[in-house]
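Colleague: The structure that follows is given in the form of structure tokens.
The values are calculated or read from the model by the stated rules, or taken from the named source; none is laboratory data. All figures in this text were calculated on a predicted structure; none of them were measured in a lab. Neighbour counts are summed over all protein chains in view; Cβ atoms, including those assigned to glycine, are modelled from backbone coordinates with ideal geometry. Heads up: the accessible areas ignore ligands, DNA and RNA and are worked out on the full protein's heavy atoms, side chains in. Shrake-Rupley method; radii C 1.70, N 1.55, O 1.52, S 1.80 Å.
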Amino acid sequence: MGADGDLLRSAARTRRRAKLHLCDGRLDQFDAEDREARQAAEHASITDRHRAVATGGAVRWEPSLLFRPSTGGGDRHTRYATEGGPSLTPLDPMTSRRPAAEAASGYDAGAFSHHMTGEQGRLRALEKLWDPFTEHSLRRAGVPAAARCLEVGAGAGSVARMLARICPGGHVTATDIDTRFFAELAAEERVTVLSHDVTQDGFPAGSFEVVHARMVLCHLSCPEQVLAAMSQWLVPGGLLLVEDLDLAPADASPHPVMRRGLHVAEQTLEASQGSDLRLGRRLQALVTDAGFDLGGMAVQPVLIGDGGPADEFWRLSFAQLHEFQARNSSPLAGELDAAMSLIDRPDFTDIGMHAVSVWGRKPGGPLSDPSA
């Protein structure tokens, strides 16, 4: 793969070391004993520091001087919530335990940024590929019919719609750092749309009975920190369901062209936005280490070349990664082109990845269905 491949690998190794250093330092900064007291104090002070302003049926939280916007952009701490959903607050004391702004800006500048040409189509293809697996897992996990649900990283919005259908008596809050692809959901009943950075913005404790995130943790520098925050946002007994991919099957691919293409895709995403495309393999351990009682796990192999929805997903993914590489005149773009052309060959079929779903309950009591 030459010098470009060596450069990508070097950048990825540097980023991994930085992640470990960041996580270790912040995990040790606060202990569990004073978390509850800190949270109570912070929530009390939020009332004094913020002013709710009615704006056409919405509530806008205006930031205090303690949360000044960064230079060069808008006020990232002003968020919107429609009536009926939970009020969004600046992070509770766990703010200092989570990654700084570079986590979001890294993704926003990466190969799968919402600003990239074709990203909405790629997300739609991901929905066609993954939605049946997600719905099966949600129903197995036991989502209450009247639950308050949080959909983190809503992408193009299909899972938020799915949760609204599964919970006819509940409410769904759909969030992302960029809501452009599902903003129309704000007009639907029982759905709130929020611009929200899960690494920096928080919710009051006990805001939700269900939290779901798909293909989110793999793009974050400290998924452990975010899982800890999600636990705070859930009621005791609340359900967490997280899903991610595992690209390990690429290592054993019998097709060298596809193997190289998938490895270039992995290295490009890790170097450009810090993504870990093998996080699915660690997902169960991350959930239990965050203190959740494991409820279940499901794994599904995803084929390429069989004419199914994965083919379109990988075509669009390779094309977008090629565009990102081509901007830097990288010869690695050719590896992606070769892998993309292989998908349509009649003699080609391969396992591209594993889709992994893990769910668990926050300790403290069984979650009862409010509609029962």
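Colleague: Which ³J(HN,Hα) values, rounded to whole Hz and listed in residue order, are derived for region 122-134 from phi using the Karplus coefficients 6.51, -1.76 and 1.60 in 6.51 cos²θ - 1.76 cosθ + 1.60 with θ = phi - 60°, glycine and proline given as x?
Modeller: Karplus values, whole Hz, x for Gly and Pro: 5, 5, 5, 5, 4, 4, 4, 6, 9, 4, x, 5, 4.
Colleague: Could you give the distance between the Cα centres of region 190-237 and region 323-359, to the whole Å?
Modeller: Comparing the Cα centres of region 190-237 and region 323-359, I get a distance of 30 Å.
Colleague: How large is ³J(HN,Hα) for each residue in region 297-302, as worked out from phi by the Karplus curve 6.51 cos²θ - 1.76 cosθ + 1.60 (θ = phi - 60°), to whole Hz, x for Gly and Pro?
Modeller: Result, ordered by residue: 8, 9, 10, 9, x, 10 Hz.
Colleague: Also, quick follow-up: For Gly170, what is the net charge nearby, where nearby means another residue's Cβ is under 9 Å from its Cβ and Lys, Arg count +1, Asp, Glu -1?
Modeller: Net charge in that neighbourhood comes out at +1.
Colleague: Per residue of region 326-338, what does 6.51 cos²θ - 1.76 cosθ + 1.60 with θ = phi - 60° give for ³J(HN,Hα)? Whole Hz please, x for Gly and Pro, Karplus curve as stated.
Modeller: Ordered by residue, 3J(HN,Hα) equals 5, 4, 9, 6, 7, x, 5, 4, x, 5, 5, 4, 5 Hz.
Colleague: Next question. Quick one: which residues, 5+ away or cross-chain, put their amide H under 5 Å from the amide H of Gly295? H built at 1.01 Å from N.
Modeller: Trp359, Gly360, Arg361
Colleague: Alpha carbon centre of region 253-280 versus region 115-139: separation in Å?
Modeller: Centre-to-centre (Cα) distance: 19 Å.
Colleague: Continuing with the same structure: Could you list which residues have their amide H under 5 Å from that of Ser195, counting only those 5 or more apart in sequence or on another chain, with H placed in the peptide plane?
Modeller: The list, which skips near neighbours in sequence, is Tyr80.
Colleague: Please compute the length gained on full extension between Ala146 and Ala205, using 0.36 nm multiplied by the number of residues separating them and subtracting their Cα-Cα distance. Intermediate results must be reported in sequence, preceding the final value.
Modeller: Values: separation 59, 0.36 × 59 = 21.24 nm, distance 1.86 nm.
Here the answer is 19.4 nm.
Colleague: Of Glu189, Glu151, which has the most accessible area with a 1.4 Å probe, and how do the rest follow in descending order? Please list the in-between numbers first.
Modeller: Numbers: Glu189 160, Glu151 5 Å².
Greatest to least solvent exposure: Glu189, Glu151.
Colleague: Could you tell me what a quarter of the Cα convex hull surface of region 217-326 works out to, in nm² with one decimal place? List each step's numbers first, then the result.
Modeller: Working: hull surface 32.3 nm².
Taking a quarter of the hull surface, the average projection is 8.1 nm².
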